[in-house]
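**Student:** Structure in structure tokens, see below.
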Amino acid sequence: MRGEIVKSTPIAKLFLLATIKFATRDAYGMGIEYEGGKPGWNDAMNGLVGMLGSGMPETYELKMLLQYIRKVLLKYRRPIIVPRELATLISNISGALDELGEFIPRVPISSNIIKVPPELFQYWDKVASAREKYRDMGPFTGETKEYSSNDAIIILEGWIKQVNLGIARAHVIGSHGHETRDETLGITPTYFSFNVTKWKKEGKTNKEGHSFVSATELSVGKFPLFLEGVVRMMKTLDTGDARLIYNAVKKSGLRDEKLSMYTLSSSLVGQSYDMGRMMAFSPGWLENQSVWMHMSYKYYLELLRKGMYGEFFSEMQSGMLPFINGEKYGRSLLECSSFIASSAFADPTMVGQGFLARLSGSTAEFLSIWIIMMIGPNPFFLNDESGSLEMQLVPALPFWLFRHNPMAVVGEQYSVQFKLFISIDVIYYSSVPQNLFGVA
């Protein structure tokens, strides 16, 4: 009945979110369209939304969401009940996928103009139209449709397959900047734009007299490398693949060799001002190729999450505040900044300085890093035999963080201490200087 509250399970809400995101993939099936008027995390790319832009970071998050829903359904084997309106959208997506079939485009990597194949364009047009019809339906009527766990899993597996194909296409198309293709090989692009190369008039005009048109052909626009795409992609990889990406990034334009840090983007010189306000800043300043602390800390966190301890602790000593030169940084090392001026900045005396104090994103990532280092990634778990909730500490600490006390009793000459839950003193002891990586 109209006006009543529609209730659903958490997994059904996630299924709804995944459906909308899947239906918002760009015309080449790679990134998620920024059709809501704003870009993703990097709000300085605010012009991208006017370029029919899309982002790969959201695609990687969608992939993880789809995999999570599938895992839950496989484990509990319960049906999903969704609003009838959403079921209509899902049906339209399935119909468009059936028409698309097993079509896999051949991506012309050597061409300057990469057109969206007609098959993919038609799929995109149908799904985008179905998505808009779903939004125009208004409030839910209260009617529902039930999907068995098997039916929902089949749908999800088909979507995961399409997402993976889109990711593969994105890697073939790649980025466009000052690096050679070999220097960006294996590094995910972060953004795409789409240019309307052909259109048809709809016979209507706006109040200024300009004609409304519908696109009939699109081509893909590319951008330089951005660190966010790498961070999001690493979430989906195992340790081996993540290490390959790390090694590639270290050789790319995202690495500031002088500071031994990572910049938010590679060089943006020559890029269109249409992409956003970041182009108004000098290189090395604010979102234009500076060391944006929040995103660089996100990158370090992913290294640690993947168990890349050697790489993480090496980067930590040059890229995280407790270990950098405080005089060069220009403020307390206890205070994060929005960004650090990179070596791309024109004034060398300001390179390495932190600007615009900020205690939000970087601090949150640092706390996550601290928890994994001192406590472990998953301290609480259910005992498989008893079913009881238990706890264990699985730290990740390099030998050089241990304090040496030659006067201590045997076995306790090296130690690291922290407080657990505000008041509990926890001390890790070692008789010799050794790394404590993943040892319960």
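The values are calculated or read from the model by the stated rules, or taken from the named source; none is laboratory data. Remember, predicted model here, so these are calculated numbers, not experimental data. Cβ placement follows ideal geometry from the backbone for every residue including glycine, while neighbour counts extend to all protein chains displayed. Please note that ligands, DNA and RNA were not included when accessible areas were found on the heavy atoms of the full protein model with its side chains. Shrake-Rupley method; radii C 1.70, N 1.55, O 1.52, S 1.80 Å.
**Student:** Which residues, counting only those in segment 244-272, are more than 26 Å from Lys328 (Cβ to Cβ) and more than 17 Å from the chain's Cα centre (by Cα)?
**Tutor:** Leu244, Asn247, Ala248, Gly270, Gln271, Ser272
**Student:** So for segment 68-82 (the condition being buried (at least 17 other Cβ atoms within 10 Å of the Cβ), of a type in the set (D, E, K, R), in contact with a helix residue (DSSP H, G or I) (Cβ under 8 Å, 6 or more places away or on another chain) and modelled with pLDDT of 95 or more), does at least one residue qualify?
**Tutor:** The answer is yes, given that some residue of segment 68-82 is buried (at least 17 other Cβ atoms within 10 Å of the Cβ), of a type in the set (D, E, K, R), in contact with a helix residue (DSSP H, G or I) (Cβ under 8 Å, 6 or more places away or on another chain) and modelled with pLDDT of 95 or more.
**Student:** Another question, then. Which of the numbered conditions does Ile113 fail, given that it passes all the others? Conditions: (1) without any contact (Cβ under 8 Å) to a residue 12 or more places away in the chain; (2) open to solvent by 70 Å² or more (accessible area, probe 1.4 Å).
**Tutor:** Among (1) without any contact (Cβ under 8 Å) to a residue 12 or more places away in the chain; (2) open to solvent by 70 Å² or more (accessible area, probe 1.4 Å), Ile113 violates only (1).
**Student:** Can Ala44 be described as over 28 Å from Gln122 (Cβ atoms) and in contact with a Lys or Arg (Cβ under 6 Å, 6 or more places away or on another chain)?
**Tutor:** When the stated conditions are applied, Ala44 passes them.
**Student:** Are there any pairs, at least 6 apart or on different chains, whose C-beta atoms fall under 9 Å, with the first in segment 185-214 and among the charged types (D, E, K, R) and the second open to solvent by 100 Å² or more (accessible area, probe 1.4 Å), and if so, which?
**Tutor:** Short answer, once both residue conditions are applied: Lys201/Phe212; Glu202/Phe212; Lys204/Phe212.
**Student:** Which pairs turn up if I take residues in segment 1-28 that are touching a residue at least 24 places away in the same chain (Cβ under 8 Å) and over 30 Å from Ile104 (Cβ atoms) and look for partners that are among the hydrophobic types (A, V, I, L, M, F, W, C) and open to solvent by less than 80 Å² (accessible area, probe 1.4 Å) with beta carbon separation below 7 Å, at least 6 apart in sequence or on another chain?
**Tutor:** So the pair list comes out as Val6/Phe140; Ile11/Ile69; Ile11/Val72; Ile11/Ile80; Ala12/Ile80; Ala12/Val82.
**Student:** Across segment 354-379, which residue is nearest to Gly326 (Cα to Cα) among those that are among the small types (Gly, Ala, Ser) and part of a loop (DSSP other than H, G, I, E, B)?
**Tutor:** Per the criteria, the residue is Ser360.
**Student:** Still on this structure, I have one more. Which pairs do you get when a residue that is of a type in the set (Gly, Ala, Ser), found in segment 405-421, comes within reach of a residue that is open to solvent by 90 Å² or more (accessible area, probe 1.4 Å), reach meaning Cβ atoms under 8 angstrom, with the pair 6+ apart or on two chains?
**Tutor:** Gly411/Tyr429; Ser415/Arg403; Ser415/Tyr429
**Student:** Pick out the one residue from Tyr191, Tyr147 that is modelled with pLDDT of 95 or more, farther than 24 Å from Met233 by Cβ and buried (at least 17 other Cβ atoms within 10 Å of the Cβ).
**Tutor:** Result: Tyr147 is the single residue among Tyr191, Tyr147 that is modelled with pLDDT of 95 or more, farther than 24 Å from Met233 by Cβ and buried (at least 17 other Cβ atoms within 10 Å of the Cβ).
**Student:** Mind listing just one residue for me: the one in segment 198-234 that is in contact with a Lys or Arg (Cβ under 9 Å, 6 or more places away or on another chain) and of a type in the set (Ser, Thr, Tyr) and, of those, least open to solvent (accessible area, probe 1.4 Å)?
**Tutor:** Restricting to residues being in contact with a Lys or Arg (Cβ under 9 Å, 6 or more places away or on another chain) and of a type in the set (Ser, Thr, Tyr), the top hit is Ser219.
**Student:** Contact list please: Cβ distance under 7 Å, first residue in segment 343-370 and under 17 Å from Leu303 (Cβ atoms), second residue modelled with pLDDT of 95 or more and of a type in the set (D, E, K, R), pairs at least six apart or on different chains.
**Tutor:** Partner pairs satisfying both residue conditions: Glu365/Lys298.
**Student:** In segment 384-395, is there at least one residue being open to solvent by 40 Å² or more (accessible area, probe 1.4 Å), of a type outside the set (Ser, Thr, Tyr), in contact (Cβ under 8 Å) with a residue 24 or more places away in the chain and farther than 22 Å from Glu311 by Cβ?
**Tutor:** yes
**Student:** Also, I was wondering about something else. Find the residue count for segment 1-41, including only residues that are in a loop (DSSP other than H, G, I, E, B) and either of a type outside the set (Gly, Ala, Ser) or within 27 Å of Gly174 (Cβ to Cβ) (or both).
**Tutor:** So the count comes out to 22.
**Student:** Between Gly326, Gly361, Gly352, which is in contact with a strand residue (DSSP E or B) (Cβ under 7 Å, 6 or more places away or on another chain) and open to solvent by less than 60 Å² (accessible area, probe 1.4 Å)?
**Tutor:** Just a single option satisfies the conditions, and that option is Gly352.
**Student:** Another question, then. So which helices (runs of 4 or more DSSP H) are wholly in segment 268-342 and hold at least 3 residues that are within 21 Å of Thr239 (Cα to Cα), of a type outside the set (A, V, I, L, M, F, W, C) and touching a residue at least 12 places away in the same chain (Cβ under 8 Å)?
**Tutor:** Result: 293-305, 309-319.
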